[in-house]
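The values are calculated or read from the model by the stated rules, or taken from the named source; none is laboratory data. Nothing here was measured: the structure is a model prediction, and the numbers come from that model. Cβ placement follows ideal geometry from the backbone for every residue including glycine, while neighbour counts extend to all protein chains displayed. Remember, those area values only see protein heavy atoms, side chains included, never the ligands or the DNA or RNA. Shrake-Rupley method; radii C 1.70, N 1.55, O 1.52, S 1.80 Å.
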Amino acid sequence: KKQIKDKHFMGGIVIDEKSPADNRTLYCATEFGVYKSKDGGKTWDDSSLGIEDAGRIKVLAINPIDSNILFAGSCPFSKDAANPHAGLYMSKDAGRNWFRLAEKEIGAVYSLSICKNKPDVIYAVAAAPGKAGYWGAGKLWKSTDGGKTWNVVYGGNGTLIRTCAVNPENSECVYIAMTARDLNTQKPGILRSLDGGKMWKD
């Protein structure tokens, strides 16, 4: 079994809260895919079938009701920024197999947030396919059917959205944070929507 310590990048660990408290199932995002532990982190197995070419996995999320459903977003930087496989992926079998979502619309993923009380509502900040990098423009995408379909609710014109967070109890309340490369043309800040992304205020 390969060990996580052999990898160059780890984007964080998510815990399957439905697994036994004394023997947790864990998932770790790495530069080379997703790794899974079924024994609280003692040992790890590669769990990247279908996502192995996506590049650096930056975000991972577990459906709060059905822990067999996972989402992973890859966001390669530097020389791999144009990786055509970078994007949003889903697993319905606890990480054994992955398939890509919205391949023609969603590229590198910077952030992902699932509403705890209404997990069919998912928000993702992502670049266009083939366009990533540190200064890649991002849009806020929303799904109301568990990831089957996606629509843009904010972004465009080079907006550098970098993260999103949905209120765990109210799927209509969502926040985004933006950065700026040029303060003369872009405005960093935090925006909030109380209607699922239709209207935004500082």
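Computed from the mean reciprocal separation of all distinct C-alpha pairs, what Kirkwood hydrodynamic radius does the stretch 77-194 have, in Å? Let's see the in-between values first.
Details: mean 1/r = 0.0683 Å⁻¹.
Taking the inverse mean of 1/r over all distinct Cα pairs, the stretch 77-194 comes out at 14.7 Å.
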**Request:** Step through the residues of the stretch 146-155 one at a time and calculate ³J(HN,Hα) from phi using the Karplus curve (6.51 cos²θ - 1.76 cosθ + 1.60, θ = phi - 60°), rounding each to whole Hz and writing x for Gly and Pro.
**Result:** x, x, 5, 10, 9, 9, 6, 10, 6, x
**Request:** Would you calculate the separation in nanometres between label points at T179 and D66, each defined as 7 Å from the Cα along the Cα-to-beta-carbon direction?
**Result:** 3.5
**Prompt:** Taking amide H positions as placed 1.01 Å from N in the peptide plane, with prolines and chain starts having none, which residues 5 or more places from Y154, or on another chain, fall under 5 Å of its amide H?
**Reply:** L140
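Calculate the translational D of the stretch 55-109 in whole µm² s⁻¹ from Stokes-Einstein, where the hydrodynamic radius comes from the Kirkwood formula applied to all Cα pairs, the temperature is 10 °C and the viscosity 1.306 mPa s.
On the way: Rh = 11.4 Å.
My calculation gives 139 µm²/s for D.
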**Asked** In a GNM of the chain with a 10 Å cut-off on Cα contacts, which of G136, G11, G189 has the highest mean-square fluctuation?
**Response** G189
**Message:** With every protein chain left in place and a probe of 1.4 Å, what is the accessible surface of L194, to the nearest 10 Å²?
**Reply:** 110
**Complete:** Applied in sequence order to the stretch 112-118, the curve 6.51 cos²θ - 1.76 cosθ + 1.60 (Karplus, θ = phi - 60°) yields integer Hz couplings, x standing for Gly and Pro, of 8, 9, 10, 6, 5, 7, 9
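Assign one of three labels to the stretch 125-202, namely rounded, prolate or oblate, based on the Cα gyration tensor with a ≥ b ≥ c the square roots of its eigenvalues; rounded applies when a/c is under 1.5, prolate when it is not and a/b is larger than b/c, and oblate otherwise.
Numbers: a/c = 2.32, a/b = 1.33, b/c = 1.74.
It is oblate, given that a/c is not under 1.5 and a/b is not larger than b/c.
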**Item:** All-pairs Cα distance distribution in the chain, expressed in whole percent, bin size 10 Å
**Value:** 9, 36, 36, 16, 2, 0
**Fill in**
For the chain, the percent of accessible surface on carbon and sulfur atoms (probe 1.4 angstrom, ligands and nucleic acids excluded) is 50
